[in-house]
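**Student:** Before I ask anything, here is the structure I am working with.
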Amino acid sequence: MEDFSFLNPGSRQIDFDNFDDRLLLYVLEYEPSFVTCISCGGCTATCSAGNLTNFNVRKIGLWLRRGETEKLSQEIEKCMFCGKCTLVCPRDINIRNVILLIKKRISELKTENQPV
Amino acid sequence: MHSKLNSLLKSDVRLEEGLTACMNCGICTAICPAAEYFEYDPRSIAVTVQSGNEEEIATLLESDTIWYCGQCMSCKTRCPRNNCPGLIISVLRKVSQETGAFVQSRMGRQQYLIVKNIGMNILNYGYCVHPTILMPENHPEQGPVWKWVYENMGEVYASVGANLNGDGPGAMRKISGADLGELHRIFKESGGLKFYETIEHFSKIKALELGFVNENGEADMEKYTQHLLQEI
Amino acid sequence: MNRFLPDVLIHTTEMMKNKHVAVIGGGIAGMEAASVLARQGLKVTLVEKQKATGGKLNDWHHLFPDFSSPGVVVENLDKKTVRAGVNVVCHTEISHIERNNGRFELSDQRDVKIFADAVIVASGFHVFDATLKEEYGYGLFSNVITSVDFERRMKKHGKLLTLQGTEPRRVAIIHCVGSRDAKVGNIYCSKVCCITGIKQAIEINKMLPECEVFCFYMDLRLYGSKFDSLYLEAQKRHKIQFIRGRLSEAAERPDKSLQLKAEDTLQGRPLRMNVDLVILLVGMEPALSNSSLMRNNQMKPDENGFFRSVNMHEARNVGTQEGIFMAGTAICPMAVNETLENARSAALEVMNFLRTDKNHGGF
Amino acid sequence: MENFIIIPFTVGLIYLTLVLIYRFVKWVRGLSKLDKLRLVQSFKIRRMLRSLKEVFYEGLLHRKIFRKNPVLGYMHMSLAFGWFLLIVLGHIEVMAARRSLLVPFYLPVFFRYFETGTTFFASGIFSFLMDFFLLIVLSGVALAMLKRFKKQLFGMKKTTRLKTGDRMALTSLWLIFPLRLLAEGMSAELYGNGSFLTSSVGHIIGSFSSESTNLVLWTAYSCALGFFFAALPNSRYMHIPTEVLLIFVRNAGIRLKKRNNTYTDIQVFSCSRCGLCLDNCQMAAAGINHAQSVYILKNIRNNNLTDEQLFNCLLCGKCEVDCPVGINTIDLRITQRIESTLQYNSSYNYLEDLPARKASTIYFAGCMTHLTPGIIASMKTLFHMAGENVWFMDEEKAPCCGRPLMLAGQHDAASKLIVNNTRKILGSGAKTLVVSCPICYKVFREDYELGNVEVLFHAEYISRLIREQIILPGKTTTRIVYHDPCELGRGMGMFEPPREVLRATGKVIPVKNEKQMAHCCGGSLGNLKISQQERAVLRNQAVKDYQQYLPDVLATACPLCKKTFARHRGIEVMDIAEIVVSSIRKSAEVVPVKASVKEEAFAEELV
């Protein structure tokens, strides 16, 4: 098709067919309990960091599952690791370990000079 | 909860039509063409209006978000609860215009441009959009081809059988003075002109606020318009 | 004849008329099963630990989804049991079932003995103890109550007030308390809480039109007929607000109102709200007496602690011990109408069993 | 003379000496300047004597192991102390025989081979003693062999798995003394220089006696020794020399740092892999058998530690209690976690806006306590009764204390929180900081620099209130079992104040597993890998143990322990603060002593 240079902001749809699942697969391998999340938001509501800033644990999990790694790698720095999320999770997900694994993998990807 | 903005919204019959009971299924966002490209989510707009949270509604009225809707009404066809976010947005827009909240957002301020262009086109030419006023430099979204169309307007329209600016019948024909006068009276009676005035009124206040003042101490709407064009 | 009584299409033989069935639990499941069996000519003893039959329904104010009176249901069932000639024994809690030569011997702490050819366990359920969710403050904060407390208060006083005696202006109803929560060990859904919450929300709105009511849910599980239309009505007519997000904790403020923290998961933002009253929709747990009933025989619990059926599709009422059947919420959480249906099907299973039981000369 | 038999022994010994010198010098040089200074300053007679005493008690007699299990203690003692005495006495014997203080280094080892039947002063007594100590060492060897196959006899449920290097060293070690016995027996038969043991053995094997057999046996003995010395640096027996160094270095006041240094190496090499830590570790009950301290130490040494192991530990500290070498397993593991998570980013700019408020006392509930509002309510009641002007620092906006980050190794991140909280605390002008969570307590005490602010655990605070009769709890007959939280008990050594408080309210039942040996509830924040199901196993085990004592209530002083035990449902769990408050309510007279004046002000403050 001829390029008419129309303004196109680009689709913001979640593209399920092409998403970056490197982090997700890594987390699932070492913390399989993550698979049972039902996005109830209990973690976010109780979160000490979320109480102080717009940090959202549930969204961290959601972004992980959708491969939105870039957003995630910045947001996750706000976590204070207090463990309340793990204590309220109705699905017994080891959320602290999920966070630790994400941090670990991100730092590994960074040192391997791979885009995060 | 029952306060000003809520009652303003509720006084519009379209809200009753557009919002029965939303259960957050998200099908409206899924079908919405605008949601694919913009930070725009008809579901969350419907939820905000349903919650009746005055503060959040006020934020909504002052935001860009309500101006992304293309009023295609696809949402109406899909909603399992017979809601129509498109109509909710119409009401929000109207309240935003009436209360002057629209000048607080970039997209909202463009209402002034629309009144000045499309609005006045109707009264002056009898057409919403008339090819002669769509200057290529103002409409980059039309692509480079538009410049060529604009410059060869006579030939292009003649070749498709239109009667551009001509007397007698045919598409794009010149509308007679009597018809325009009638259109003007309709606008006056129906409140359309008043509506234009309201938008102009709040836009002038905003122009003053932004420091666009002419030598008489009045709002310099020329500069404001230039500002709006740059904002796009 | 009561027009609600179903006709069970089983031919009752003279032989069967000598059979004796014991039904443990005088709640609605037990009453219904007992009356159906007795009406077919069997000898039936219904054993209830409380002073009267009716079970938990005696405490309920209104039933969902039609706001009908549980009292009427209990009254009708009482009439049916009396008319059918069921032998009702109250103040007796069976703690022991033993099987000897194909017959059952039921006994309680005081050595009351009942002999039976078949047993129906209709021991019902146990209401989740909300103090186990300490972060919700039940038992700690005066204006945190459970859905059961709500029913009792409404039945007793007909109105809903805070502990300070004022009308609440804002009420939060919390779904899934003690259900779908691995932290209290209950991973199953109690099934009736969602609709109970909606029913109670509507009742509050009817009573106190100015009061805002918020339901905090994870999923809305409105499986029953007319349940979803009640949900629609709650939104449309009663302006009940539904917030998708699980309550994480409640804190009591000096004025005894409560500050709630949840995430509005649809907006993706933390949400903080002050309410005057919190209602916890407590789930159903296996009855406490289950374990003692299971101890002396082959009855086994399922993965949630309720009585295990030999087949959850085709023989839901049939227990793992031959001759012992279950009815109602002893099997799993269920609503009133389901419980009654389930009780009737239990009665049918018992009659089938007694008819074909070779040990007893059945055919 | 066939002098060549000393060659394997000599070569092994020289190699070992060189390796030891190299390593010791490297380790000492690797210490920080300050630590080196500490070491130099520790060269004082009294300190040296103290260290030598410790070497004697722990390195030779193995006193700690004795206390744990006498048979195991005897095994270690007979090997170490017996061998030590053989060496010392051997030297004296040779000195007596040669009438000289200077004797060739190899001679005491091969004395019976070279000294064929000469008599000297007290030679009979010497040979008797040498035989006696050889017998003791041999009994130790026999027990060690038995332990490999029947560990239960030694009170051990588990024993460590061996690596090739260890296996070689172990085999040669086991061979040394039986070979010595045979060689000395043969020499005794040939030259008559033995005593009761060697002579008897000589008689038994007398039919094979010949000069050449003798030579072969002594060569084999020398080889076993040489082989053992050569294998030692790369086996767990490196712990023998390293432990001596560790004792001196530790007594010089040198401690583990947040980052790896050579003191870490000294600790790692001091581990004898005796496996005592395995028995104390509760995680085996949950089927976690790869992450115990002994394996961590081994893997640090072999440079193959995985995060899966490193983070699968409750950090409860029970392994540290019984470590015969006194290795700081917990600090060591945290150091490794710090090393492992160095690259992780954190950013807490959002904390800076939090306000501080003027108050004389601060209450910091901590994140976990927000999920146990019963504790908060009780603390508020107590503050109210004490009439304190309290700032509830984390009531609305709750920054974390930083300890959970530290437990996860993210030390830099934790420091950011600490800096921020410190500013708020000092900004309030408070004199006292009260905490009700042991996790917070530990970090406030150990890692914050709060100047004159006194950090009190709520147990201390409450017991002070009771002593000053500001609150008057009513004593009941309630049977209370107190569960020591790990971070408070083993972590901070606080065992008495909570018990003191509880004694004022009811009957505290002593239990077998308490104080240093208290269970972990299983809920620890130290472990990032353990699943909830595995945690439940640990919790149930602890509750089952406590239930034997038929308590009316299980008391604890940690919100996390409370939350964890409450999930069990089979036992009533209360925090000490709740118990005290409920006992006051039960007792007839409720006397809010100083409260009346400040009551309203306080109520406002808590808003």
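**Student:** Calculate, axis by axis, the spread of Cα positions in the protein assembly as shown along the three principal axes, and write the results as whole Å, longest axis first.
**Tutor:** Here the spans come out as 147, 101, 74 Å, largest first.
**Student:** Next question. Once amide H atoms are built 1.01 Å from N in the peptide plane, which residues 5 or more positions from C:ARG170, or in another chain, come under 5 Å H to H?
**Tutor:** C:GLU212, C:ASP276, C:LEU277
**Student:** Counting only heavy atoms of protein chains, what accessible area per residue, in Å², does segment D:349-467 have with a probe of 1.4 Å? It would help to have the intermediate numbers written out before the result.
**Tutor:** Details: 3660 Å² over 119 residues.
Value returned for segment D:349-467: 31 Å² of accessible area per residue.
**Student:** Using helices alone, what [θ] at 222 nm do you get for chain A, with -39,500 (n - 2.57) per DSSP H run of 4 or more residues, divided over all residues and rounded to the nearest 500?
**Tutor:** Working: 6 runs with 53 residues, N = 116.
Dividing the helical sum by the residues of chain A leaves -13000 deg cm²/dmol.
**Student:** Relative contact order (percent) for chain C, with alpha-carbon contacts under 8 angstrom and 6 or more residues of separation?
**Tutor:** Numbers: 773 pairs, mean separation 70.2, N = 363.
RCO, chain C: 19 percent.
**Student:** Provide a list, ordered by number, of residues in segment A:40-56 showing at least 50 Å² less accessible area with every protein chain present than when their chain is taken on its own, using a 1.4 Å probe.
**Tutor:** Output list: A:CYS40, A:ALA45, A:ASN51, A:LEU52.
**Student:** Still on this structure, please answer the following. Rounded to a whole number, what % of the accessible area of chain C do carbon and sulfur atoms account for, probe 1.4 Å?
**Tutor:** On the way: 7440 of 14920 Å².
Carbon with sulfur: 50 percent of the solvent-accessible area.
**Student:** On to the next question. Would you count, across segment B:108-231, every pair of lysines whose alpha carbons are under 19 angstrom apart, provided the pair is eight or more residues apart or spans two chains?
**Tutor:** Counting lysine pairs in segment B:108-231 gives 9.
**Student:** What is the dipole size for segment B:72-165, taken about its Cα centre, with +1 at each Lys and Arg Cβ and -1 at each Asp and Glu Cβ, in debye to the nearest 20?
**Tutor:** On the way: 9 positive and 5 negative charges, 132 e Å.
Using Cβ point charges on Lys, Arg, Asp and Glu, segment B:72-165 gives about 640 debye.
**Student:** How high is the relative contact order of chain D, in percent, counting Cα pairs under 8 Å that sit 6 or more residues apart?
**Tutor:** Working: 954 pairs, mean separation 76.3, N = 607.
13 percent.
**Student:** OK, next. If you place +1 on the Cβ of every Lys and Arg, -1 on the Cβ of every Asp and Glu, and leave all else neutral, what size is the dipole of the protein assembly as shown about its Cα centre, to the nearest 20 Debye? Kindly include the intermediate steps, with their values, before the conclusion.
**Tutor:** On the way: 156 positive and 134 negative charges, 946 e Å.
Once rounded to the nearest 20, the dipole reads 4540 debye.
**Student:** Rounded to the nearest 500, what is chain B's calculated 222 nm mean residue ellipticity when only DSSP H runs of at least 4 contribute -39500 (n - 2.57) each, over all residues? Provide the component values of the computation, followed by the final result.
**Tutor:** Values: 16 runs with 132 residues, N = 232.
It lands at -15500 deg cm²/dmol.
**Student:** For segment D:310-356, list whatever residues lose no less than 30 Å² of accessible surface once every protein chain is in place, relative to that chain by itself, with the probe at 1.4 Å.
**Tutor:** Buried-area filter returns D:GLN343, D:TYR344, D:ASN345, D:SER347, D:TYR348, D:TYR350.
**Student:** Using the heavy atoms of the protein chains and a 1.4 angstrom probe, tell me the accessible area per residue for segment B:127-227 in square angstrom. Mind showing how you got there, number by number?
**Tutor:** Values: 6560 Å² over 101 residues.
Accessible surface, normalised per residue, equals 65 Å².
**Student:** Using helices alone, what [θ] at 222 nm do you get for chain D, with -39,500 (n - 2.57) per DSSP H run of 4 or more residues, divided over all residues and rounded to the nearest 500? Display every interim value, and only then the final one.
**Tutor:** Values: 28 runs with 343 residues, N = 607.
Mean residue ellipticity at 222 nm (helix-derived): -17500 deg cm²/dmol.
**Student:** Counting DSSP beta bridges with both partners in segment C:130-283, what percentage is antiparallel, nearest 5?
**Tutor:** Counting DSSP beta bridges with both partners in segment C:130-283, the antiparallel share is about 40 percent.
**Student:** Still on this structure, please answer the following. Could you tell me the extents of segment D:254-340's C-alpha atoms along the three principal axes, largest first, rounded to whole Å?
**Tutor:** Its Cα atoms span 34, 26, 21 Å along the three principal axes.
**Student:** Kindly express, to the nearest 10 degrees and within the range 0 to 90, the angle between helix C:193-207's C-alpha long axis and the longest C-alpha principal axis of chain C.
**Tutor:** Computed tilt is about 60 degrees.
**Student:** Ranking request for peptides C:135-141, D:147-153, D:551-557: highest mean number of other beta-carbon atoms within 10 Å first, then the rest in descending order.
**Tutor:** Working: C:135-141: 20.9, D:147-153: 12.0, D:551-557: 24.0.
Highest-to-lowest ranking by the protection proxy: D:551-557, C:135-141, D:147-153.
**Student:** Which order do the peptides B:154-162, D:456-464 take when ranked by the mean count of other beta-carbon atoms within 10 Å per residue, highest first?
**Tutor:** Working: B:154-162: 11.9, D:456-464: 23.9.
The peptides rank, most packed first, as D:456-464, B:154-162.
**Student:** Another question, then. Just tell me which lysines come within less than 21 Å, Cα to Cα, of C:LYS19; anything on the same chain fewer than 8 places away is out.
**Tutor:** C:LYS43, C:LYS80, C:LYS113, C:LYS358
**Student:** For each pair in C:LYS79/C:LYS191; C:LYS191/D:LYS586; C:LYS300/D:LYS150; C:LYS133/D:LYS515, compute the distance between the two Cα atoms and list the pairs where it is over 31 Å. Don't jump to the answer; show the numbers that get you there.
**Tutor:** Details: C:LYS79/C:LYS191 29 Å; C:LYS191/D:LYS586 40 Å; C:LYS300/D:LYS150 41 Å; C:LYS133/D:LYS515 29 Å.
Cα-Cα > 31 Å for C:LYS191/D:LYS586; C:LYS300/D:LYS150; rest within.
**Student:** In terms of Cα to Cα distance under 21 Å, which lysines are near enough to D:LYS151, apart from those fewer than 8 places away along the same chain?
**Tutor:** Within reach: D:LYS64, D:LYS68, D:LYS163, D:LYS298, D:LYS318.
**Student:** In addition: Give me a single rounded figure for D:411-421: the average over its residues of other chain Cβ atoms within 10 Å of their Cβ.
**Tutor:** Numbers: counts 0, 0, 5, 2, 0, 1, 3, 0, 0, 0, 0.
Partner Cβ neighbours, averaged per residue: 1.
**Student:** With a 1.4 Å probe and every protein chain left in place, work out the accessible area per residue of segment C:80-141 in Å², rounded to a whole number.
**Tutor:** Numbers: 2770 Å² over 62 residues.
Each residue of segment C:80-141 exposes 45 Å² on average to a 1.4 Å probe.
**Student:** A follow-up question, please. Taking 20 Å² as the minimum loss, tell me which residues in segment D:362-409 lose that much accessible area going from the chain by itself to the full protein complex (1.4 Å probe).
**Tutor:** By number: D:CYS367, D:MET368, D:HIS370, D:LEU371, D:PRO373, D:GLY374, D:GLU396, D:LYS397, D:ALA398, D:CYS400, D:PRO404, D:LEU405.
**Student:** Next question. Using the Cα centre of segment B:42-127 as origin and beta-carbon charges of +1 (Lys, Arg) and -1 (Asp, Glu), tell me which of B:ILE114, B:GLN97, B:THR59 is placed farthest towards the positive end of the dipole.
**Tutor:** So the residue furthest toward the plus end is B:ILE114.
**Student:** Volume per residue, Å³, of the convex hull around the alpha-carbon atoms of segment C:130-283? Show your work: numbers first, answer last.
**Tutor:** Details: hull volume 16.5 nm³, N = 154.
Once divided by residue count, the hull of segment C:130-283 is 107 Å³.
**Student:** A follow-up question, please. How large, in percent, is the carbon and sulfur part of the accessible surface of chain A at a probe radius of 1.4 Å? Don't skip to the end; give the middle numbers.
**Tutor:** Details: 2660 of 5240 Å².
Reported share for carbon and sulfur atoms: 51 percent.
**Student:** Tell me the net charge near B:ASN163. Cut-off is 12 Å between Cβ atoms, B:ASN163 excluded, with +1 for each Lys or Arg and -1 for each Asp or Glu.
**Tutor:** Working: positive: B:ARG173, B:LYS174; negative: B:ASP167.
The answer is +1.
**Student:** For chain D, which whole-number percentage of the solvent-accessible area (1.4 Å probe, protein heavy atoms only) is attributable to carbon and sulfur atoms?
**Tutor:** Numbers: 15040 of 25120 Å².
Ligands and nucleic acids excluded, carbon and sulfur give 60 percent.
**Student:** Work out the charge dipole of chain D with +1 on the Cβ of Lys and Arg and -1 on the Cβ of Asp and Glu about the Cα centre, then indicate which of D:ASN540, D:LEU297, D:LEU20 is farthest towards its positive end.
**Tutor:** Result: D:LEU20, furthest along the dipole toward the positive end.
**Student:** Going Cα to Cα from C:LYS51, which aspartates and glutamates come in below 19 Å? Please leave out same-chain ones fewer than 8 positions away.
**Tutor:** Counting by Cα, and skipping residues close in sequence, C:LYS51 has these aspartates and glutamates nearby: C:GLU32, C:ASP59, C:GLU75, C:ASP78, C:GLU93, C:ASP108, C:ASP111.
**Student:** What is segment B:4-105's relative contact order, in percent, from Cα pairs under 8 angstrom and six or more apart in sequence? Don't skip to the answer; put the middle values down first.
**Tutor:** On the way: 137 pairs, mean separation 39.0, N = 102.
Relative contact order here is 38 percent.
**Student:** On C-alpha positions alone, give me the angle between the axis of helix B:192-209 and the longest principal axis of chain B, in degrees, nearest 10.
**Tutor:** The helix B:192-209 is inclined about 80 degrees to chain B.
**Student:** Could you please put C:ARG272, B:ARG93, D:ARG403, C:ARG169 in sequence from largest to smallest accessible area, using a 1.4 Å probe? Working shown, then result.
**Tutor:** Details: C:ARG272 90, B:ARG93 40, D:ARG403 15, C:ARG169 165 Å².
Largest accessible area first, the list is C:ARG169, C:ARG272, B:ARG93, D:ARG403.
**Student:** By how many degrees, between 0 and 90 and to the nearest 10, does the Cα long axis of helix D:6-30 differ from the longest principal axis of chain D?
**Tutor:** Roughly 30 degrees, rounded to the nearest 10.
**Student:** Further question: Ordered by packing density, taken as the mean number of other Cβ atoms within 10 Å over each peptide's residues, highest first, how do B:59-65, D:216-222 rank? Write out the running numbers ahead of the final one.
**Tutor:** On the way: B:59-65: 20.0, D:216-222: 22.3.
Sorting B:59-65, D:216-222 by mean packing, highest first, produces D:216-222, B:59-65.
**Student:** Projecting each Cα onto the charge dipole of the protein assembly as shown (Lys/Arg +1, Asp/Glu -1 at the beta carbon, about the Cα centre), which of C:GLY158, D:MET385, D:SER270 comes out farthest on the positive side?
**Tutor:** My answer, from the dipole projection, is D:SER270.
**Student:** Provide, for chain A, the number of lysine pairs with alpha carbons under 18 Å apart, each pair being eight or more places apart or on different chains.
**Tutor:** 9
**Student:** In whole Hz, what ³J(HN,Hα) sequence does segment A:106-113 give by Karplus (6.51, -1.76, 1.60; θ = phi - 60°), x for Gly and Pro?
**Tutor:** 4, 5, 5, 4, 5, 5, 7, 6
**Student:** Another question, if that's okay. Taking just the alpha-carbon atoms of segment D:301-376, what radius of gyration and Dmax come out, in angstrom?
**Tutor:** So, for segment D:301-376, Rg and Dmax equal 18.7, 53 Å respectively.
**Student:** Here's something else I'd like to know. Would you mind working out the magnitude of the charge dipole of chain D relative to its Cα centre, with +1 at each Lys and Arg C-beta and -1 at each Asp and Glu C-beta, to the nearest 20 Debye?
**Tutor:** Numbers: 73 positive and 49 negative charges, 41 e Å.
Result for chain D is approximately 200 debye, rounded to the nearest 20.
**Student:** With a 1.4 Å probe, how much accessible area is buried between chains C and B, both sides summed, in Å² to the nearest hundred?
**Tutor:** 1000 Å²
**Student:** Another question, then. Nearest 100 Å² is fine: how much accessible area is buried between A and C, summed over both sides, with a 1.4 Å probe?
**Tutor:** Values: alone 7870 and 16790 Å², together 23090 Å².
Accessible area lost upon association: around 1600 Å².
**Student:** To the nearest 10 square angstrom, how much accessible area does D:THR171 have with a 1.4 angstrom probe?
**Tutor:** D:THR171 has an accessible surface of roughly 70 Å² with all protein chains in place.
**Student:** Here's another thing I want to ask about it. At a probe radius of 1.4 Å, figure out the B/A buried accessible area, summed over both chains, and give it in Å² to the nearest 100.
**Tutor:** Working: alone 13250 and 7870 Å², together 20220 Å².
So the buried area, both faces added, is about 900 Å².
**Student:** State the Kirkwood hydrodynamic radius of chain B in Å, one decimal place, computed from all pairs of distinct Cα atoms. Working shown, then result.
**Tutor:** Values: mean 1/r = 0.0501 Å⁻¹.
Its Kirkwood hydrodynamic radius stands at 20.0 Å.
The values are calculated or read from the model by the stated rules, or taken from the named source; none is laboratory data. In this text, all values refer to a predicted model and were calculated from it rather than measured experimentally. With ideal geometry, Cβ positions are generated from the backbone for all residues, glycine too; neighbour counts draw on all protein chains shown. The area values use the complete protein model at the heavy-atom level, side chains included, leaving out ligands, DNA and RNA. Shrake-Rupley method; radii C 1.70, N 1.55, O 1.52, S 1.80 Å.
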